[in-house]
């Protein structure tokens with residue numbers, strides 16, 4: 001098992017400070033571990049003793065032993081036939097552009113199992129299913145559309161969910177409702193936005209639990225997060241959002257399962273109160289009472 005796999009598998013056992021170091025290592029592995037312990041501590045926003053505690057927890061006698069293991073992994077990877085094959089796969093294939101795109105997107109979805117720690121995912125589901133007082137969902141320039149959709153769907157499963165477009169603008173009233181027992185969900189992908197970092201810091205200061213959904217390089221907002229869900233992204237010319245969509249749908253499914261009859265009752269309330277014409281027939285008038 002690589003050091004990366006070991007950190008990923010054990011992240012649920014770590015203290016909040018140790019998790020910050022683990023996330024910093026995972027965000028740019030293995031290069032993040034090749035500098036000094038003090039440099040790693042600074043990038044993670046923790047202390048050098050915290051870094052050394054994590055290294056000891058991973059079974060290394062010293063920080064130099066940890067770095068020696070990283071260098072061995074790099075040497076193996078550079079000489080690996082698999083690595084060389086993957087590099088040659090960058091050339092166009094005979095499958096055609098459409099099939100190549102499908103294969104690339106499938107790979108990004110499959111990468112979720114290696115980028116999102118199951119313990120972090122389960123924690124996010126538990127927090128959102130545990131009757132939070134208030135939930136806000138916000139996103140960036142592109143991700144705001146996904147934040148809006150997720151908030152709309154989540155509100156049909158649990159109450160008191162708001163999509164927040166401008167936390168410090170016209171939505172400030174709803175944002176200020178965040179307090180202890182509340183949850184702030186922030187989507188922030190590269191290129192990262194200062195507003196996301198400030199929103200995470202403010203929500204944390206108000207006592208809310210903070211969930212940051214970001215890419216593998218980690219948004220600066222993750223520094224204030226209780227839970228970080230990193231999605232592997234890639235694509236040309238823009239980063240693909242397929243991994244993000246699958247993660248959000250998986251979260252919703254998990255919350256529905258966790259809330260059980262309570263969640264189903266909430267969904268029934270939505271259906272009973274929303275008079276929606278689901279089908280249109282030219283031969284009959286639409287009856288909005290059904």
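Values computed for the structure shown
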| quantity | calculated |
| --- | --- |
| Qualifying residue in segment 274-289 (condition: modelled with pLDDT under 95 and in a helix (DSSP H, G or I)) | no |
| Selection status of residue 174, in contact with a strand residue (DSSP E or B) (Cβ under 8 Å, 6 or more places away or on another chain), in the same structural domain as residue 227 (by TED's automatic domain parsing) and modelled with pLDDT under 95 | yes |
| Qualifying residue in segment 255-262 (condition: touching a strand residue (DSSP E or B) at 6+ places or on another chain (Cβ under 6 Å), within 20 Å of residue 119 (Cβ to Cβ) and touching a residue at least 60 places away in the same chain (Cβ under 8 Å)) | no |
| Search result, residues across segment 156-181 that are out of contact with any helix residue (DSSP H, G or I) (no Cβ under 8 Å at 6 or more places or on another chain) and touching a residue at least 12 places away in the same chain (Cβ under 8 Å) | 160, 174, 176, 177, 179, 180, 181 |
| Any helices (runs of 4 or more DSSP H) falling wholly within segment 99-174 and containing at least 2 residues that are under 27 Å from residue 22 (Cα atoms) | 112-115, 118-129 |
| Test: residue 234 is assigned to a loop (DSSP other than H, G, I, E, B), more than 27 Å from residue 17 (Cβ to Cβ) and without any contact (Cβ under 8 Å) to a residue 24 or more places away in the chain | no |
| Matching option when the condition is surrounded by fewer than 19 Cβ atoms within 10 Å (Cβ to Cβ) and closer than 30 Å to residue 3 by Cα, among 160, 103 | 103 |
| Boolean, residue 260 is at pLDDT below 95 and surrounded by fewer than 19 Cβ atoms within 10 Å (Cβ to Cβ) | no |
| Unmet requirement for residue 209, which otherwise passes all of (1) in contact with a helix residue (DSSP H, G or I) (Cβ under 6 Å, 6 or more places away or on another chain); (2) under 21 Å from residue 145 (Cα atoms) | (2) |
| Residues being within 24 Å of residue 121 (Cα to Cα) and at pLDDT below 90 - total across segment 11-42 | 6 |
| Hey, residue 221 in a helix (DSSP H, G or I) and buried (at least 16 other Cβ atoms within 10 Å of the Cβ) or not | yes |
| Residue, surrounded by the most Cβ atoms within 10 Å (Cβ to Cβ), within segment 111-121, restricted to residues that are closer than 16 Å to residue 253 by Cβ and either modelled with pLDDT under 95 or more than 12 Å from the chain's Cα centre (by Cα) (or both) | 116 |
| Considering residues of segment 183-217 that are in contact with a strand residue (DSSP E or B) (Cβ under 7 Å, 6 or more places away or on another chain) and assigned to a loop (DSSP other than H, G, I, E, B) only, the residue farthest from residue 16 (Cα to Cα) | 190 |
| Residue pairs meeting the criteria (Cβ under 7 Å; at least 6 apart or on separate chains; first touching a residue at least 12 places away in the same chain (Cβ under 8 Å), in segment 191-208; second part of a helix (DSSP H, G or I) and surrounded by 15 or more Cβ atoms within 10 Å (Cβ to Cβ)) | 192/220; 196/221; 197/220; 197/221; 200/221; 200/224; 201/224; 204/224 |
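The values are calculated or read from the model by the stated rules, or taken from the named source; none is laboratory data. Given the structure is predicted, the values throughout are model-derived calculations rather than measurements. Please note: Cβ atoms are built from the backbone with ideal geometry, for glycine as well, and neighbour counts cover all protein chains shown.
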